[in-house]
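To start, the structure under review is shown below, and the notes come after it.
The values are calculated or read from the model by the stated rules, or taken from the named source; none is laboratory data. Not measured: the values here are computed from a predicted model. Note: ideal-geometry Cβ built from the backbone for every residue, glycine included; neighbour counts use all protein chains shown. In case anyone asks, the SASA skips ligands and DNA or RNA and just uses the protein heavy atoms, side chains included. Shrake-Rupley method; radii C 1.70, N 1.55, O 1.52, S 1.80 Å.
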Protein chains: 2
Amino acid sequence: MARIVMKFGGTSMAGIERIRTVAARVKTEVDAGHQVAVVVSAMAGETDRLVGFCREAAPLYDPREYDVVVASGEQVTSGLLAIVLQAAGVPARSFLGWQLPIATSDAHASARILSIDTGSLDAVLASGAVAVIPGFQGMAADGRVSTLGRGGSDTSAVAVAAAMKADRCDIYTDVDGVYTTDPRIVPRARKLKRVTYEEMLELASVGAKVLQTRSVGLAMKEGVRVRVLSSFTGDGGADQGTLIVGDAEIEETEMEEQLITGIAHDRNEAKVTLADVPDRPGAVAHIFGPLAAASINVDMIVQNVAHTGGSTDVTFTVPAAELARALDVLEGERERIGFSRMLHDTKVVKISVVGVGMRSHAGVASTMFKALADRGINIQAITTSEIKVSVLIEEDYTELAVRVLHTAYGLDAPVA
Amino acid sequence: MARIVMKFGGTSMAGIERIRTVAARVKTEVDAGHQVAVVVSAMAGETDRLVGFCREAAPLYDPREYDVVVASGEQVTSGLLAIVLQAAGVPARSFLGWQLPIATSDAHASARILSIDTGSLDAVLASGAVAVIPGFQGMAADGRVSTLGRGGSDTSAVAVAAAMKADRCDIYTDVDGVYTTDPRIVPRARKLKRVTYEEMLELASVGAKVLQTRSVGLAMKEGVRVRVLSSFTGDGGADQGTLIVGDAEIEETEMEEQLITGIAHDRNEAKVTLADVPDRPGAVAHIFGPLAAASINVDMIVQNVAHTGGSTDVTFTVPAAELARALDVLEGERERIGFSRMLHDTKVVKISVVGVGMRSHAGVASTMFKALADRGINIQAITTSEIKVSVLIEEDYTELAVRVLHTAYGLDAPVA
């Protein structure tokens, strides 16, 4: 007997027929003698519909009321899955966020889970019934409905798994695992059997949309074994999907063999260049201080060597969605910063190579730079972490760059 | 300063533009210095959509999970109205059923309101903010979401008005008041300034769809002054709509002048005839006992005089929606009841004349029978109460019968 959390995304919950498929998968685990809690998303498209209502209601809506509105999507699917499970002969009941409760911070619309009371959950699981829990929602300290921000259902699932000390947390989605890169770009991309939390975190943060970044961070912190697998293919067997685990579980040899685990790309970056910034101490602080104060996340930063006239150009990236706001903030600081011109560009993409094997190998970055240079792809900015190297390039080169790097690091699957 | 409950139905909440119109009406009352609680329905069509999901999920769904699903419709509109009110400069916040809480019985899907805790509600109203409360929902003693059954939002509004000792409960709907009869049938129908609770109760129970029957009963019990008025026309001024109040508020002269208040029709009846039921003691109990046990509500009953052979025909009506179930129950009891044949007919309509003035006047029924007989309309069954006479006739005569009676009782408006 194991304790399992199963999480199903919006496409898996889109309509009663699909919910029946979900119920069949849950029944398989129950019939195998496991205790199961299921975390569900809203039906595909429903959250967008509800968010649309809020935006139409007021551009600056009260996030506490927004939470009341958007949390209803997962409420509906959790009730429906409980009904369908019962009809399939599986005892089940739903627990809304306020019923367990799932206690969150008061940061409505982007709350963090603080704790989950598992008293009633444990009792239901011990009785042999399945607990169905809406993802994305909780109850804030003010006693009101809260939500975790978009994609928060993955985080809910991992948090529930941690709280109930689950043996694993299976995230059922519309892909059958984590790949070395996007298979729509590289058909010979390979599905990974395992990745480490850190690799997944880097992959998620640079555009691999399999899992929400925050949920991976939480899984790493809590040591929750997460598996990503398809709700549409396969039978959920132990050999399926991709397991996301700690370094310790990845064998040394496996890690050594595999220098790079995956290649990701992220089109949601925008580049900003401030020309002729005075080259004096504190100038950079005048740029990034106000952006930080406005909660705009700056990623890559490049400062050119000073011009002969004692000024320099500063280039950096921000999320494309924040570009307009960033330009406003900087325009307001023009005098203090002292730049002559402000340029921006959204036709850029960030390409990242990720792998824990990188730690013990030199030359990963230079392989990347050489492979791109050989195809005449110009690098506009670079950023690195312990297990990741990212470059910013012109967007039109996205697919070419991904393919070239996939081959350069030996990731292509053997031709069948 | 008055305390007011304003209730808005599904057509009034159908989309953000209409919710803005609702907010404008609420603002008028707030600007006039009143304390306002608003009770809202789900967007028109939404409850049907959610009920449809449940039915598709399982024909015999768990009512506790059904409640989780269908309660979401009012949750959405209450959050949205709070947002729209805030955008209009009116402080507002939503209170879900479990938050006040609105305590209900454990009869999920058709729960009764037991009590409403007004502590947090009073605090919000005293602060000058509007409380927005989803209708139709509450929290059962088991700590789970409950709903009151279809049309329950009217009942929610009256219950909230009673709990907060509101000066009045304004039910905004898609008609501008209660009429002497359906104006689509009789263009010269008159809007009533006032009706008594009992009249409204009889009118609602026989097909006037302005207010849910249960809400009128509750208003009568709690002495809540209810007003029905349009959310699409008029300005909500004191002269608008129809006031539903106790006998004491209707002046004697007004009551004496007006013999009959209104004429209603109800097509949702089905007639069942059991032929050749043995004419012996207890036979009738064998018919109606099993129907009552199956929670099938029998309305009109006619027993013919015994045939020479010692048997009789028994005719009665049940709600059309329950007909199939009623026939099943009776077929199962065929031997015990001993009838030879079972006939049924859904092409019938119940026509009712209602008025408190009836109490002090004889001849109301005979006026009805004569008016119908003059037009050759055959009466199949009759039932009466202190302030109502109802007859069952062939459905094709519905409009004719309503018009004839409207004129016979002098209800036609003067020709302009």
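Here is the list for segment A:330-401: trypsin sites (Lys or Arg not before Pro) lying in DSSP coil, each with at most 14 other C-beta atoms within 10 angstrom of its C-beta, are A:Lys347, A:Arg375.
Highest-first packing order for the peptide set A:100-109, A:307-316 is A:100-109, A:307-316, based on the mean count of other beta carbon atoms within 10 Å.
Considering only B:Leu218, B:Ala321, A:Val329, the residue lying farthest towards the positive end of the dipole of the protein assembly as shown is B:Ala321, judged by Cα position with unit charges set on Cβ. As a length-normalised measure over Cα pairs under 8 Å and 6 or more apart, the relative contact order of segment A:339-416 settles at 38 percent.
Distances between placed amide hydrogens fall under 5 Å for B:Val348 paired with B:Glu395, all partners being 5 or more residues away or on another chain.
Take B:Ala294, move 7 Å from Cα toward the beta carbon, and the resulting point lies 7.0 nm from the same point in each other copy, nearest first. Measuring from each Cβ of chain B to the axis that turns chain B onto chain A, the shortest distance belongs to B:Ser72, 2 (residue, then whole Å). Distances between copies of A:Val305, taken at a point 7 Å out from Cα along the Cα→Cβ vector and listed shortest first: 12.2 nm. Taken along its principal axes, the alpha carbon cloud of segment B:108-206 reaches lengths of 48, 34, 22 Å, longest axis first.
Our coupling estimate for segment A:107-113, obtained by passing each phi through the Karplus curve with A = 6.51, B = -1.76, C = 1.60 and θ = phi - 60°, is 6, 4, 6, 8, 6, 9, 6 Hz, Gly and Pro reported as x.
The mean sequence distance of close C-alpha pairs (under 8 Å, at least 6 residues apart), as a share of the length of chain A, puts its relative contact order at 14 percent. For segment B:375-416 versus segment B:14-32, the inter-centroid distance based on Cα atoms is 39 Å.
Shape analysis of chain A yields a ratio of the Cα radius of gyration to the Kirkwood radius, Rg/Rh, of 1.01. When +1 charges are put on Lys and Arg Cβ atoms and -1 charges on Asp and Glu Cβ atoms, the dipole computed for segment B:3-253 relative to its Cα centre reaches about 360 debye. Which net charge results for the neighbourhood of A:Gly73, defined as the other residues with beta-carbon distances under 14 angstrom from its beta-carbon, given Lys and Arg at +1 and Asp and Glu at -1? Around A:Gly73, the charge tally is -2. Between the helical axis of A:16-31 and the longest alpha-carbon principal axis of chain A there is an angle of about 70 degrees. Global size of segment B:1-50: 12.2, 40 Å for Rg and Dmax (C-alpha atoms, Rg to one decimal, Dmax whole).
Here the Karplus relation 6.51 cos²θ - 1.76 cosθ + 1.60, evaluated at θ = phi - 60°, turns the backbone of segment A:372-383 into coupling constants of 6, 4, 4, 9, x, 8, 7, 8, 9, 6, 9, 9 Hz, with x for every Gly and Pro. The simple Förster model, with R0 at 51 Å and r as the Cβ-Cβ distance, assigns B:Lys27 and B:Ala248 a FRET efficiency of 0.95.
Counting other Cβ atoms within 10 Å, keep those with at most 15, restrict to DSSP loop, and tell me which trypsin sites (Lys or Arg not before Pro) in segment B:215-305 are left.
B:Arg267
Restricting attention to segment A:3-249, close to 25% of DSSP beta bridges with both partner residues there are antiparallel. Contact-buried residues of segment A:71-89, at a threshold of 40 Å² lost accessible area versus the chain by itself: A:Gln75, A:Val76, A:Leu80, A:Ile83, A:Gln86 (1.4 Å probe; DNA, RNA and ligands ignored). Roughly what % of Cα-Cα distances in segment A:23-79 sit above 16 Å, to the whole percent? The calculated P(r) of segment A:23-79 puts 54 percent of pairs beyond 16 Å. Reported to the nearest whole Å, the Cα centre-to-centre distance from segment B:179-197 to segment A:278-331 is 71. Taking other residues whose beta carbon is less than 12 angstrom from the beta carbon of B:Ile83, and scoring Lys, Arg as +1 and Asp, Glu as -1, yields 0.
Size descriptors for the protein assembly as shown (Cα atoms only): Rg and Dmax, in that order, 34.2, 124 Å. Axis of helix A:398-408 versus longest Cα principal axis of chain A: the two differ by about 80°, to the nearest ten degrees.
Take every DSSP beta bridge whose two residues both sit in chain A, then give the antiparallel share in percent to the nearest 5.
Close to 60 percent.
Note on segment A:84-152 and segment B:83-105: Cα centroid distance 22 Å, given to the nearest whole angstrom. Shown for chain B: the carbon plus sulfur share of the solvent-accessible area, taken with all protein chains present and a 1.4 angstrom probe, equals 52%.
Backbone amide hydrogens, once placed in the peptide plane, bring B:Arg112 within less than 5 Å of B:Ser105, B:Ala107, excluding anything fewer than 5 places away on its chain. Leaving ligands and nucleic acids aside, the B/A contact buries around 3100 square angstrom of accessible area in total at a 1.4 Å probe radius. Amide H to amide H, which residues 5 or more places from A:Thr312 or on other chains are under 5 Å from it, using H placed in the peptide plane? Distant-sequence amide H within range of A:Thr312: A:Asp276, A:Val277, A:Asp279, A:His307.
Taking N as the residue count of segment A:3-249, its C-alpha radius of gyration divided by 2.2 N^0.38 Å amounts to 0.96. For segment A:281-328, the calculated P(r), taken from all Cα-Cα distances in 5 Å bins from zero up to the bin holding the longest distance, is 5, 18, 30, 23, 13, 8, 3, 0 percent.
Computed over segment A:57-133, the quotient of the alpha carbon radius of gyration and 2.2 N^0.38 Å is 1.30.
Remark: label point of B:Ala365 defined 7 Å out from Cα along the Cα-Cβ vector; separations to the same position in other copies 10.0 nm, ascending. Computed on the Cα atoms alone, the convex hull of segment A:224-330 gives a volume of 205 cubic angstrom per residue. Its alpha carbons give segment B:139-290 an Rg and a Dmax of 19.2, 62 Å.
Taking R0 as 35 Å, what's the FRET efficiency between A:Gln303 and A:Asp106 from their Cβ-Cβ distance, rounded to 0.05?
Details: r = 39 Å, r/R0 = 1.10.
E between A:Gln303 and A:Asp106, to the nearest 0.05, is 0.35.
Principal axis extents of the C-alpha atoms in segment B:265-416 (largest first, rounded to whole Å): 61, 32, 27.
The angle separating the long axis of helix B:72-87 from the principal Cα axis of greatest extent in chain B is about 40 degrees.
Compared with the alpha-carbon gap, the fully stretched path from A:Glu386 to A:Glu331 is longer by 16.3 nm at 0.36 nm per residue. Residues in segment A:119-132 carry Karplus couplings, in order, of x, 6, 5, 4, 5, 5, 5, 5, 6, x, 8, 8, 9, 10 Hz; the curve used is 6.51 cos²θ - 1.76 cosθ + 1.60 with θ = phi - 60°, and Gly or Pro positions show x.
Based on Cα contacts under 8 Å between residues 6+ apart, segment A:3-249 shows a relative contact order of 20 percent. Remark: the protein assembly as shown carries 40 Å² of accessible area per residue (probe radius 1.4 Å; ligands, DNA and RNA excluded). What figure, in Å² to the nearest 10, do you get for the accessible area of A:Val415 with a 1.4 Å probe and non-protein molecules left out? Counting only protein heavy atoms, A:Val415 exposes about 110 Å² to solvent.
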